[in-house]
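Every number in this text was worked out from the coordinates using simple rules, so none of it is lab data. In this text the structure is predicted, and so the values were computed from the model without any measurement. Note: ideal-geometry Cβ built from the backbone for every residue, glycine included; neighbour counts use all protein chains shown.
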């Protein structure tokens, strides 16, 4: 539990106040997470292609399955959709118009 507590304190010390802050501290993690998550279901997903999608919004000279690219693009869209909600510490109840207990 000591390691966990140190990690929580470190993360809290960043005082993330914007989506830009979140991008800065997650840096390569968001790409690695999307790559490994996609790789579980689709062997055709490549790290370089995932990185290109996250950093440039496109892939050049791609010869693989369009499905692999769409899956990684969806990973990026999901991250982009959620990052503001993460910064605001918004829960699913906020979306439904409900209040926290």
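Here are some notes:
- Taken over the alpha carbons of segment 16-90 as equal point scatterers, the Debye sum produces base-10 log I(q)/I(0) values at 0.13, 0.21, 0.22, 0.28 Å⁻¹ of -0.38, -0.87, -0.94, -1.31.
- If R0 is taken as 25 Å, the Cβ-Cβ distance between residue 25 and residue 60 corresponds to a FRET efficiency of 0.30.
- Cα gyration tensor shape of segment 1-43, rounded if a/c is under 1.5, else prolate or oblate by comparing a/b with b/c: oblate
- In nm, spacing of pseudo-spin labels at residue 82 and residue 70 (7 Å Cα→C-beta vector): 2.1 nm
- With each label modelled as a point 7 angstrom along the Cα→C-beta vector, the residue 48-residue 8 pair spans 4.2 nm.
- Highest average packing first - 55-65, 12-22, 41-51, Cβ atoms within 10 Å: 41-51, 12-22, 55-65
- Across 86, 40, 53, mean-square fluctuation computed from a Gaussian network of the chain (C-alpha pairs under 10 Å connected) peaks at 40.
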